1. How many residues does the stretch 1-21 contain that are in a loop (DSSP other than H, G, I, E, B), surrounded by fewer than 10 Cβ atoms within 10 Å (Cβ to Cβ) and modelled with pLDDT of 90 or more?
2. Conditions first: (1) at pLDDT 90 or above; (2) loosely packed, with under 10 Cβ neighbours inside 10 Å. Pro39 passes all but one, so which condition is the exception?
3. Tell me whether the stretch 22-35 contains one or more residues that are open to solvent by 90 Å² or more (accessible area, probe 1.4 Å) and modelled with pLDDT under 85.
4. Can you list residue pairs whose Cβ atoms sit under 8 Å apart, with the first residue in the stretch 14-37 being in contact (Cβ under 8 Å) with a residue 12 or more places away in the chain and the second being open to solvent by 70 Å² or more (accessible area, probe 1.4 Å)? Count only pairs 6 or more apart in sequence or on different chains.
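The values are calculated or read from the model by the stated rules, or taken from the named source; none is laboratory data. Everything numeric here is computed off the predicted structure, so don't read it as measured data. Don't worry about glycine lacking a Cβ; one is built from the backbone with ideal geometry, like all the others, and counts go over all protein chains shown. SASA here: full protein model, heavy atoms, side chains in, ligands and nucleic acids out. Shrake-Rupley method; radii C 1.70, N 1.55, O 1.52, S 1.80 Å.
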Amino acid sequence: MIGKEIVNLIRQLRLSGMSDTKILDLIEYIETHDPKEQPNDN
């Protein structure tokens, strides 16, 4: 994600009632996990 996307995400999550700590945890997860790591349902 780029800076503007992160700012928009933070604003939306705050509006939905998410705490700043949970927002930071979520952003850290997004930035450190490869989408290919998701398990297959096969």
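1. First, pick out the residues of the stretch 1-21 that are in a loop (DSSP other than H, G, I, E, B): 1-2, 16-19.
Still in the list and also surrounded by fewer than 10 Cβ atoms within 10 Å (Cβ to Cβ): 2, 16-17.
Within this subset, residues satisfying the condition of being modelled with pLDDT of 90 or more are 16-17.
Selection size over the stretch 1-21: 2.
2. Going through (1) at pLDDT 90 or above; (2) loosely packed, with under 10 Cβ neighbours inside 10 Å one by one, Pro39 breaks only (1).
3. Yes, the stretch 22-35 has at least one match.
4. What qualifies is Ile23/Arg14; Ile27/Met1; Ile30/Met1; Glu31/Met1.
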